[in-house]
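What follows is a short report on a single structure.
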Amino acid sequence: MAKKIFLFCLSIFAMINSAEAVTLNQQMDVNIGVFDAAKIELNYKANQDNFLINAIVNTANLFNTLYPFKGKYQSKGDIVNDKMKPEIYETETQTRNHVRTKKIFYDDKGIAYKRLSTKDKKVSEKPIINVPPSVNAADLQSVFADLLNQFLKTQSCNMTREVYDGKKHYKVIAKDNGMDKRYFTWYQKEEQAYRCSIYIENLKDNNDNILWEVTAEKPIKLWIGQDKKTKMPFVLQIVIDSTPLGMLEVTPSKVEIN
């Protein structure tokens, strides 16, 4: 569950489309229940033609003793007619016992066609076939790239995407919850934030039942701010009210937008 939660937290930053080059550097703290659970470092670059996202996730303190985890994530692709067209999505994760990698390859139309994965020294390469006709995404970061690209144009989170990567099959449902003017302690200022709720509905046995069960019935709550100069959306706060380990909260500790 922790790996998926961390991936979700960084994925929601893959969501900006700009006519000029923009760079976002952000550091975040992840707390789950009583645990100061993880640190996330993110670098995002975009211009009118392409985007690149790099992120590193590390468990921290006692949570690192209980569940040591390190993850590296990268997404890159083109921006065509104001739409994200992914080129490749790749991950490398390390737990106490295993090192895993995954790559999803997209064709020149932005359609996923192959998944290459490893577990320690075992390699698995499989085509992405028999895709259900209702599917319109192949990785979570592309979904949230689409979400915030839409948000920039409409200031609306309302969107549904069905994801299939050749192995996992799920639906992401995002909904508007209005505006929320409140003081964010880490930001040291009051902000008129956009509120969204996100549900992840399992459509298959994804072997990660805790996360899917939690996020299918209890929404991921998301507060979004916008940089006044660049219009870059950024996360003010993420909350899941209840998980098996308690409330999950993601709080940025540093934001730099250039």
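The values are calculated or read from the model by the stated rules, or taken from the named source; none is laboratory data. All values reported here derive from a predicted model rather than from experimental measurement. Using ideal geometry, Cβ is built from the backbone for each residue, glycine included, and neighbour counts are taken over all protein chains shown.
Here residue 129 passes the criteria (1) outside any strand (DSSP E or B); (2) in contact with a Gly (Cβ under 7 Å, 6 or more places away or on another chain) except the one numbered (2). Taking the listed residues 11, 75, the one that is within 15 Å of the chain's Cα centre (by Cα), modelled with pLDDT of 80 or more, under 21 Å from residue 111 (Cα atoms) and buried (at least 21 other Cβ atoms within 10 Å of the Cβ) is 75, with no other qualifying.
Could you list, in sequence order, the residues of the range 50-81 that are of a type in the set (D, E, K, R) and over 15 Å from residue 95 (Cβ atoms)?
76, 78
From the list 145, 216, the lone residue that is modelled with pLDDT under 90 and either among the acidic types (Asp, Glu) or more than 14 Å from the chain's Cα centre (by Cα) (or both) is 216. Could you count how many residues in the range 160-200 are assigned to a strand (DSSP E or B), in contact (Cβ under 8 Å) with a residue 12 or more places away in the chain and either on the phi < 0 side of the Ramachandran plot or over 22 Å from the mean Cα position of the chain (by Cα) (or both)? Residues meeting the conditions: 28.
Return a yes/no flag: does the range 139-155 have any residue that is surrounded by 13 or more Cβ atoms within 10 Å (Cβ to Cβ) and of a type in the set (Lys, Arg). Explain how you work it out, then say what you get.
Pass one, the range 139-155, residues surrounded by 13 or more Cβ atoms within 10 Å (Cβ to Cβ): 139-152, 155.
Filter once more, keeping what is of a type in the set (Lys, Arg): none.
No, the conditions are met nowhere in the range 139-155.
Restricting 111, 88 to those that are of a type outside the set (Lys, Arg), within 16 Å of the chain's Cα centre (by Cα) and at negative phi reduces the list to 88. Among the residues of the range 54-72, the ones that are surrounded by fewer than 18 Cβ atoms within 10 Å (Cβ to Cβ), in a strand (DSSP E or B) and aliphatic (A, V, I, L, M) come to 1 in all.
Among the residues making up the range 114-147, a single one is within 12 Å of residue 90 (Cα to Cα), touching a helix residue (DSSP H, G or I) at 6+ places or on another chain (Cβ under 9 Å) and among the hydrophobic types (A, V, I, L, M, F, W, C): 140.
Scanning the range 76-99 for residues that are in a strand (DSSP E or B), more than 20 Å from residue 30 (Cβ to Cβ) and not hydrophobic (A, V, I, L, M, F, W, C) yields 76, 77, 78, 83, 85, 86, 87, 89, 90.
Of the residues contained in the range 161-180, one or more are found to be among the acidic types (Asp, Glu), surrounded by fewer than 18 Cβ atoms within 10 Å (Cβ to Cβ) and within 17 Å of residue 235 (Cα to Cα).
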